[in-house]
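Engineer: I have a structure here, written as structure tokens, and I will follow up with some questions on it.
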Amino acid sequence: MSMRVLWSILISVLFVRFMILGMYPLMDTSEARYGEMARKMVELNDWVTPMFDYGVPFWGKPPLSFWTQALSIKVFGANEFAVRFPSFLFHILSCIILIRWGREELGLRYGLLSAIIYSSCGIGFIVSGSVLTDPALAFSLLLAVYGFWRSMVHGDRILGLFGFLGLGLGMLAKGPLILVIFGVPALLWVAYLGYWARLGAIPWLRGVGVFLIVSVPWYVIAELKTPGFLEYFFIGEHWNRYVVSGWNGDLYGNAHARTVGTIWVYLLAATMPWIVWVPFLFSALKSKFKGSALLGFCVVYIGFLPLFFTFSKNILWTYVLPVIPLFSLALSACLLPYFEQRKRYIAMGLTSFFVPVLLLGFVLEGSAFETWKSQKNVIREMDSFPKGDLYYLNRRVYSSEFYSRGSTKTISTEQLIGVQTPFYLAVLSRDLDKVASSLVGCISMFELDKTNVYRCSGTNID
């Protein structure tokens, strides 16, 4: 297969993703929420505890993603490109690891095809430009797994240390989940192959030191700054969220209760359109070929994560992201011989560009983003009216906070009576029928993106 073709496809896919990072607004809820928390980190100059709201600490996630997003805001300003750019960088770093790993095992073509699959599959392309914590976790796990492989198979103690660095970063990206999704598959793989003696090739003493130096200080400082963090984070977020359906202890939103086994549906959707080539992977598992050792290693990790979340009561579609790089590595080993024939380049190209072209079309057409999922246009429209407080009725809308630089507020119908000065009131169209009786003294100003904005006298509300 031509190296020029592979490089061209990979660079083109990454270029498309880079170019559209700032071309569409932040989406509620997760993107806008995390983007606003990063903006607050810069505004408040508080680099220890991410703030869910002014005066309200966010204990749900460690700060690695927020740190990178906040640093990007300081460089590029508070905009869509700035808060999405760190996820793109984590993705690029993951691609570098895949290319290096592939080159070391089966050649550069193998590594490039792995990076192409990861970059152009559904979840890889979308999340590489989304304001989420998952890209940092995916990079951290890939670094940890790569370092572990190099230590166990090739006796590389230096890269073994990088594996421990990955675990430390994972603790700062998502928490102890990294230890589970890394450690259990590693132990299963070692036990199955009887590689116990090879564990001596891992630089345990220095590695554990690297892990502790990277991960522990922030947890200690965070607990001292906001006591109660450790209990909520380790017990609530990492136990109750896993075993309690619709967990009511979530301080920052609603638990995402799903049917048992939903994670497998998410995995299927996440790997589209490359999932259509999976029969090649199953065929390779039944035969012996040069990359079989690495293939088996990857399959253990690919299988464990969805198994782990199969009975979890609360999951999101992004939970499968950490194993997608390993899926890409395994699938590319099976597809490389097939794509060697020049006439099959078209099949590879169509698969690679399906998701990028689809999302690019949505972005350029634009209507998919003109909904209540983002309040960018509403906040921009408000600039043409006299200044005044803008309240969102009965809902906290994070994108409105981000685009207004934290000036919008949330108010309940019961609190309306207490406002004595004129103000603006935003009501999402889907809530309008429920709150119509509370709009006494309010005059409709405009309707935009499924949001109705009113000018209220304040003193007339009773």
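Engineer: If you place +1 on the Cβ of every Lys and Arg, -1 on the Cβ of every Asp and Glu, and leave all else neutral, what size is the dipole of the chain about its Cα centre, to the nearest 20 Debye?
Structural biologist: Here the size comes out at about 1620 debye.
Engineer: Something else now. Give me the angle, in degrees from 0 to 90, between the Cα long axis of helix 108-120 and the longest principal axis of the Cα atoms of the chain, rounded to the nearest 10.
Structural biologist: Orientation of helix 108-120: about 20 degrees from the principal axis.
Engineer: Go ahead and estimate [θ] at 222 nm for the chain from helices alone: -39,500 (n - 2.57) per DSSP H run with n ≥ 4, summed, over the residue count, rounded to 500.
Structural biologist: Theoretical 222 nm ellipticity from helices: -18000 deg cm²/dmol.
Engineer: Quick check on packing: order 188-197, 329-338 by the mean number of other C-beta atoms within 10 Å, highest mean leading.
Structural biologist: Answer by packing, highest mean first, reads 329-338, 188-197.
Engineer: Provide the per-residue ³J(HN,Hα) series for the stretch 380-389, in order, calculated from phi with Karplus coefficients 6.51, -1.76, 1.60 and θ = phi - 60°, each as a whole number of Hz, with x at glycine and proline positions.
Structural biologist: Here the 3J(HN,Hα) series is 5, 5, 5, 5, 8, 9, x, 5, x, 5 Hz.
Engineer: On a 32 Å Cα-Cα criterion, which of the cross-link pairs K74/K387; K61/K434; K225/K434; K61/K373 come out too long?
Structural biologist: Pairs exceeding the cut-off: K61/K434; K225/K434.
Engineer: Now for a different question. Choose one of A38, Y345, Q415: the residue whose Cα lies farthest towards the positive end of the charge dipole of the chain (beta-carbon charges +1 Lys, Arg; -1 Asp, Glu; about the Cα centre).
Structural biologist: The Cα lying farthest towards the positive end belongs to Y345.
Engineer: When a footprinting reagent is the concern and you count Cβ atoms within 10 Å, what order do V83, V276 take, fewest first?
Structural biologist: V276, V83
Engineer: Percent relative contact order of the stretch 142-202, based on C-alpha pairs within less than 8 angstrom and at least six residues apart?
Structural biologist: Across the stretch 142-202, relative contact order equals 39 percent.
Engineer: Something else about it: At a 10 Å Cβ-Cβ cut-off, how would you order T310, T351, fewest neighbours first? Walk me through the intermediate numbers first.
Structural biologist: On the way: T310 13, T351 21.
With the sparsest Cβ surroundings first, the list reads T310, T351.
Engineer: Between S444 and I213, what length comes free when the chain is fully extended (0.36 nm per residue of separation minus the Cα-Cα distance, one decimal in nm)? Please list the in-between numbers first.
Structural biologist: Numbers: separation 231, 0.36 × 231 = 83.16 nm, distance 5.66 nm.
The span from S444 to I213 would gain 77.5 nm if fully extended.
Engineer: Starting with the fewest neighbours, write out I116, I123, I96 ranked by other beta-carbon atoms found within 10 Å of each beta-carbon.
Structural biologist: Ascending number of Cβ neighbours within 10 Å: I96, I123, I116.
Engineer: Quick one: grab the alpha carbon gyration tensor of the chain, order the square roots of its eigenvalues as a ≥ b ≥ c, and give me rounded if a/c is under 1.5, else prolate or oblate depending on whether a/b is larger than b/c.
Structural biologist: prolate
Engineer: Of L212, P57, G183, which is farthest towards the positive pole of the chain's charge dipole, taken about the Cα centre with +1 and -1 on the beta-carbons of Lys, Arg and Asp, Glu respectively?
Structural biologist: G183
Since every read-out is calculated from the coordinates, none of them should be taken as a lab result. Source: prediction; values computed, not measured. When we count neighbours, we look across all protein chains shown, and the Cβ atoms used for this are built from the backbone with ideal geometry, even at glycine.
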